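Novice: Before we start, here is the structure in question, set down as structure tokens.
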Amino acid sequence: MNKPCSECPFRRDSASGWLGSYSSGREFIATHYTGDVRNPYHLAVDYDDEDWKEKSEDAPTCAGQAAMYANACKEPRTWDLPEGTEPRADVFRTPTEFIAHHDGD
């Protein structure tokens with residue numbers, strides 16, 4: 001995967017507030033950006049499966065999350081950016097932009 005899917009919450013044109021099980025953009029970004037937790041591509045994981053966490057380890061990384069890191073010139077501390085990850089204008093650059101979009105702040 002080298003580009004975010006149409007449902008990706010890291011995209012600037014994503015549905016505001018669409019964050020899966022997270023209740024706010026602040027909570028989501030605290031985990032998947034500030035907290036440095038790799039976000040698996042959501043369509044590659046069946047979250048209804050009991051062992052979804054184990055299976056998510058083999059899922060590709062969310063291209064939107066990787067692009068947001070690239071946009072900010074940030075390297076993850078606990079996982080590697082997928083090869084070929086490039087900055088993208090259609091993805092948020094900062095947590096502030098992400099939160100403003102999803103929380104209306």
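The values are calculated or read from the model by the stated rules, or taken from the named source; none is laboratory data. In this text the structure is predicted, and so the values were computed from the model without any measurement. Ideal geometry is used to build each Cβ from the backbone, glycine not excepted, and the neighbour counts take in all protein chains shown. Heavy atoms of the whole protein, side chains included, go into the accessibility calculation; ligands, DNA and RNA do not. Shrake-Rupley method; radii C 1.70, N 1.55, O 1.52, S 1.80 Å.
Novice: How would Ile29, Ile99 rank on accessible area, largest to smallest, probe 1.4 Å?
Specialist: Details: Ile29 5, Ile99 25 Å².
If we order Ile29, Ile99 from most to least accessible, we get Ile99, Ile29.
Novice: Now for a different question. Under a Cβ-Cβ cut-off of 9 Å, what is the net charge of the residues other than Arg26 that fall near it, where Lys and Arg count +1 and Asp and Glu count -1? Don't skip to the end; give the middle numbers.
Specialist: On the way: positive: none; negative: Glu27, Asp103, Asp105.
Here the count lands on -3.
Novice: Okay, moving on. Lys74: which aspartates and glutamates have alpha carbons under 15 Å from its alpha carbon, excluding same-chain residues fewer than 8 sequence positions away?
Specialist: In chain and number order, the partners are Asp36, Glu83, Glu86.
Novice: Can you pull out the GluC sites (Glu not before Pro) in the range 7-99 that DSSP calls coil and that have at most 14 other Cβ atoms within 10 Å? Walk me through the numbers before you get to the answer.
Specialist: On the way: sites: Glu7, Glu27, Glu50, Glu54, Glu57, Glu83, Glu97; in loops: Glu7, Glu50, Glu57, Glu83.
Sparse-neighbourhood loop GluC sites (Glu not before Pro): Glu7, Glu50, Glu57, Glu83.
Novice: List every residue whose amide H lies under 5 Å from the amide H of Val91, counting only residues 5 or more places away in sequence or on a different chain, with H placed 1.01 Å from N in the peptide plane.
Specialist: Under 5 Å from the amide H of Val91 lie the amide H atoms of Arg12, each far enough along the sequence or on another chain.
Novice: Please identify the trypsin sites (Lys or Arg not before Pro) of the range 41-93 that satisfy two criteria: DSSP loop assignment and at most 15 other Cβ atoms within 10 Å. Which are they? Write down the numbers at each step before the final one.
Specialist: Numbers: sites: Lys53, Lys55, Lys74, Arg77, Arg88, Arg93; in loops: Lys74, Arg77, Arg88, Arg93.
Answer by residue number: Lys74, Arg77.
Novice: Keeping all protein chains in position, work out how much accessible area Tyr47 exposes to a 1.4 Å probe, and write it in Å² to the nearest 10.
Specialist: 100 Å²
Novice: Each label point is 7 Å from the Cα along the Cα-to-Cβ direction; what then is the distance between the points at Ser24 and Glu7, in nm?
Specialist: It works out to 2.5 nm between the two label points.
Novice: Sticking with the crude label model, points 7 Å out along Cα→Cβ, report the distance from Trp52 to Asp80 in nm, one decimal please.
Specialist: With each label placed 7 Å out from Cα toward Cβ, I get 2.8 nm.
Novice: Further question on the same structure: Taking a point 7 angstrom from the Cα of Thr31 along the C-beta vector, which residues in the range 45-63 have backbone N less than 12 Å away?
Specialist: Only 53 pass the distance filter.
Novice: Okay, helix-only estimate at 222 nm for the chain: each DSSP H run of n ≥ 4 adds -39500 (n - 2.57), divide by all residues, round to 500 deg cm²/dmol; what do you get?
Specialist: Values: 4 runs with 28 residues, N = 105.
After summing the helix terms and dividing by the residues of the chain, the value is -6500 deg cm²/dmol.
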